1. Per residue of A:385-391, how many C-beta atoms from partner chains lie within 10 Å of its own C-beta, taken as a mean?
2. Counting Lys and Arg as +1 and Asp and Glu as -1, what is the net charge of the other residues whose Cβ lies under 15 Å from the Cβ of B:Leu200?
3. If you plug each phi of the stretch B:205-217 into the Karplus form 6.51 cos²θ - 1.76 cosθ + 1.60 with θ = phi - 60°, what whole-Hz ³J(HN,Hα) values come out, in order, with x for Gly and Pro?
4. Where in chain A are the DSSP H helices whose alpha-carbon span along the long axis reaches 27 Å or more and whose Kyte-Doolittle mean is at least -1.0?
5. Looking only at the protein assembly as shown, where both bridge partners belong to it, what percent of the DSSP beta bridges are antiparallel (to the nearest 5)?
6. On C-alpha positions alone, give me the angle between the axis of helix B:263-283 and the longest principal axis of chain B, in degrees, nearest 10.
7. Once every Cα of the protein assembly as shown carries one equal point scatterer and solvent is ignored, give the base-10 log of I(q)/I(0) from the Debye formula at q = 0.08, 0.09, 0.11 Å⁻¹, two decimals.
8. Taking only Cα atoms and a 10 Å spring cutoff, compute GNM fluctuations for chain A and point out the largest among A:Leu320, A:Leu171, A:Leu196.
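Read-outs throughout are calculated quantities, based only on the coordinates presented, and are distinct from any laboratory measurement. The model shown is predicted, which means the values in this text are computed figures rather than measured ones. Ideal geometry is used to build each Cβ from the backbone, glycine not excepted, and the neighbour counts take in all protein chains shown.
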Amino acid sequence: MLKTFRIGGIHPKANKLSAGKTIQSIEIPDEVSIPLAQHIGAPSQPVVKKGDKVKVGTLIGKSVGFVSANIHSSVSGTVKKIDKVVDVSGYRRDAVIISVEGDEWEDSIDRSETLINECALSQKEIIDKIAASGIVGMGGATFPTHVKLMPPPGTKAEVLIINGVECEPYLTSDHQLMMEKTEEILIGTTLLMKALNVSKAIIGIENNKKDVIAKFSQLASSYPGIRIQPLEERYPQGGEKQLIDALIGRQVPSGALPIAVGAVVQNVGTTFAVYEAVQKNKPLIERIVTVTGEEVHNPCNIRSRIGVPFQALIDFAGGLPQNTGKIVSGGPMMGKAVAYTDIPVTKGTSGILIISSSKAKRKTPKDCIRCAKCVQVCPMGLNPTLLMNLSEYAVWDRAEKNHITDCIECGSCSYTCPADRPLLDYIRLGKGKVMALMKARKN
Amino acid sequence: MENKLVVSPSPHVHGRDSIPKNMYGVLIALIPAFLVSLYVFRLDAIIITLFSVLFCVGFEYLIAKFILKKQPTITDGSAILTGILLAFNLPSNLPLWILAIGALAAIGIGKMSFGGLGNNIFNPALVGRIFLLISFPAQMTTWPVPATAATDAVTSATVLANLKFNPDNLPSLTHMFLGTEGGSLGEMSALALLLGLGYLLWKKIITWHIPTAILGTVALFSGILYLIHPIPQHNPLIHLFSGGLMLGAIFMATDYVTSPLTKKGMLIYGFFIGIITMCIRLWGAYPEGMSFAIVLMNGFTPLINYYTTPKRFGEVKKNG
């Protein structure tokens with residue numbers, strides 16, 4: 001039986017052009033820029049300076065504060081400078097720029113392919129190791145993983161949910177990782193279960209990845225407590241709240257965290273990183289990135305070091321097509337359009353999507369015809385057309401009363417609108433404004 | 001090269017749904033009803049429909065261009081749809097000059113005076129029809145005998161008029177369902193209109209809520225009365241298959257612009273349309289009340305939208 005979430009949702013064309021393409025490593029460029037803010041929360045403090053020698057895995061940025069994450073060097077070489085570079089946000093932010101020399105790894109890292117099943121570490125030791133390795137949510141949200149593993153007082157985790165949904169069209173990085181690193185992900189899941197002290201884990205996978213479901217189901221029997229759950233193909237099923245609803249039928253209340261219903265969600269990429277960190281002493285220094293698009297010569301899945309410019313990955317996939325109109329970091333529904341191709345790959349870069357110029361621009365918005373299709377597809381059960389109007393006319397009190405802050409910015413409303421209205425643009429604006437007002441009121 | 005990249009917020013893809021797609025979808029759904037009309041009224045059906053569309057599109061073009069001074073949007077299909085729906089609400093022998101006035105009322109007063117598609121409060125086609133019904137009651141209630149009926153008479157009363165004023169003279173239910181009895185151009189055949197409903201639901205142009213609420217309320221309302229007092233005036237099947245109920249419930253009340261946004265709201269709206277229609281049919285001065293009921297509830301739509309909210313994620317949990 002396929003499960004799915006209960007409210008709204010859309011079914012965009014999957015366009016998984018790079019499905020089934022074996023993960024390939026690319027050559028390390030002469031220079032990498034490793035941003036110090038790759039996660040939600042406080043940017044890390046640099047602990048290296050110009051001229052320092054680093055190896056692969058050397059700590060270069062230290063986490064500051066509770067919600068923050070360590071950053072490690074993804075290459076060996078010399079720190080050229082610490083300077084501001086434009087990252088995926090479009091802003092110039094601090095990054096450690098390293099000139100690459102060879103490929104020398106820290107001695108502590110186990111680089112072998114040997115599967116390590118046993119783990120003698122305690123709950124706390126696992127969490128500490130995950131924190132030390134700088135692991136963040138790799139589905140795109142980049143929330144520090146160790147924070148999620150320490151439920152706030154008064155809450156208790158009952159079930160671990162592993163997100164293998166990959167509902168964004170075009171992206172296949174998680175799909176391919178699950179195919180190639182199935183056992184590692186299962187061991188990673190076991191480690192996370194231990195860290196959370198739960199006996200139950202569910203891996204949710206959409207039914208368009210039947211090969212992965214089959215492979216997982218076959219292997220999962222030797223990992224007690226782990227269940228594989230196939231899911232209907234529906235966007236935004238990979239959203240934390242939607243996935244919890246789909247898998248255990250509980251809806252996270254407005255404004256609360258998943259732990260409020262006893263669930264902790266981790267992405268499969270994160271789970272693999274946890275395996276490597278805990279069992280192999282390998283900090284988070286590389287990830288799988290899908291490079292794709294209709295016009296891309298060779299859509300593929302690349303294992304890329306953090307800090308490598310997009311251009312290097314695009315070149316590997318056959319170069320930037322002539323008629324490129326837009327480059328998106330992430331998937332087409334929630335990804336961010338970037339202005340330059342020298343943006344570095346970060347921990348949250350799940351894909352690079354290249355859109356041709358004919359499809360890069362939006363159509364002119366028409367007047368709302370009140371067809372209510374946005375209301376029908378909103379997975380949070382909001383009224384997008386109302387929220388857009390309230391934001392457009394700055395009626396913040398009514399926007400707040402109509403729960404604008406519940407919006408998960410999945411974009412289903414804008415995707416669906418027959419009048420091509422930029423619903424999410426306005427809602428995002430209003431959401432930011434209302435959140436700021438709520439914060440100001442609290443203080 | 002890099003300066004040419006478009007940078008815009010997500011989402012970066014669109015589902016390719018459009019206003020014309022929905023409008024032309026409704027037009028396709030109206031084909032079965034038009035075919036019945038063609039069979040019953042022959043050339044008259046074509047003349048009335050064609051001129052109604054021409055008048056509506058023409059008025060919209062002229063008003064947009066010369067009065068509102070904005071780019072006319074006649075290609076979005078909404079004026080064509082208004083024209084066809086207006087025609088479907090008129091008798092087949094209506095003089096063309098009256099039709100022109102109706103089209104002007106529909107497009108001019110009903111739609112463009114509010115600012116065009118999306119901004120009107122009332123269903124434009126019904127504004128046109130009601131304008132004509134009140135202004136030209138004689139012409140609007142004289143129904144030519146269908147070419148399919150075996151009688152020498154030139155005009156006849158509709159089923160609902162008979163039901164109200166001459167209840168012994170009723171056609172069979174089968175005739176009503178198939179649509180060979182007198183009436184407005186497009187309201188004849190319940191079967192053809194239901195086929196259209198199937199298409200609209202299949203193509204996800206509308207949801208089931210409004211038609212079901214209206215038809216269900218009418219069936220329940222008359223059904224209860226029929227159980228208490230079984231006379232033809234209370235027969236739920238006659239009420240369902242006669243007059244403009246099907247056309248109204250499937251094509252008029254479901255007009256995007258003038259109907260509520262939320263499912264709850266749609267059900268409330270449909271329920272009251274059903275109630276008002278039945279009250280007018282049973283106790284009002286007119287034999288049929290569908291268009292009045294819809295336009296009345298169009299007026300309540302903003303209020304319904306204000307007080308009904310969609311079922312929110314996490315709401316059940318919070319209250320439970």
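1. Details: counts 2, 6, 0, 0, 0, 0, 0.
That average works out to 1.
2. +2
3. 7, 10, 9, 6, 4, 5, x, 5, 5, 5, 5, x, 5
4. A:423-442
5. Expressed as a percentage, antiparallel bridges in the protein assembly as shown total about 65.
6. 20 degrees
7. -0.74, -0.87, -1.11
8. Highest fluctuation among the options: A:Leu320.
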